[in-house]
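Take a look at the structure set out below.
None of the figures in this text is laboratory data; all of them are computed from the coordinates on show. In this text the structure is predicted, and so the values were computed from the model without any measurement. Cβ: placed from backbone, ideal geometry, glycine included. Neighbour counts: every protein chain shown.
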Ligand SMILES: [Ca+2]
Ligand SMILES: [Ca+2]
Ligand SMILES: [Ca+2]
């Protein structure tokens, strides 16, 4: 078969290759998940779920506080290890390090609340292939896991070609499907996309998508308010 027939619709110029082992795993898990399909019917169904996601994230605060043993508002390396142990999440030392590096975006030696949510959701995604026998929930956090599943599903909906990334074209396509070609929809799609594509490499991976979500539902705003005034 000729290359075009294999159907890779677009080849991003750069930044397409996963930068870390963790990202590679994340992309692979997402490709696998996307291939199973999605229950999302449109971009609007995702938007309609925002309030519920927000609520669920806020409930997660109690979990965050439980594991923030010294109450300094960040989860450090040791606290994260305790957290994984308590939730019976088994990763190697190296993987725990990778998770930490991937989600501690400010590199301030600790994970803030929104970073912690992103981390838990990534853990959720990567745990898919390791079902615990006889246990219904993967992490013992059934309510939160339902929200994570919604987020994974939303990403799978956007990732039309199932390569583990959301491209600009895919974003425009997703939004156009519902808004019957209104002129403004393209601009909205672009704005949303730019909010998500943190490293500006033209592709959105699941981690970027999650961070964008914590901003859209206002989780990190509430957290940062005090600091900005200080
Ligand atoms: Ca702490
Ligand atoms: Ca894609
Ligand atoms: Ca990106």
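For the listed peptides 38-47, 146-155, a ranking on the average number of other beta carbons within 10 Å per residue, highest first, reads 146-155, 38-47.
Three principal axis extents of the stretch 37-111 based on alpha-carbon atoms, in descending order, are 41, 27, 26 Å.
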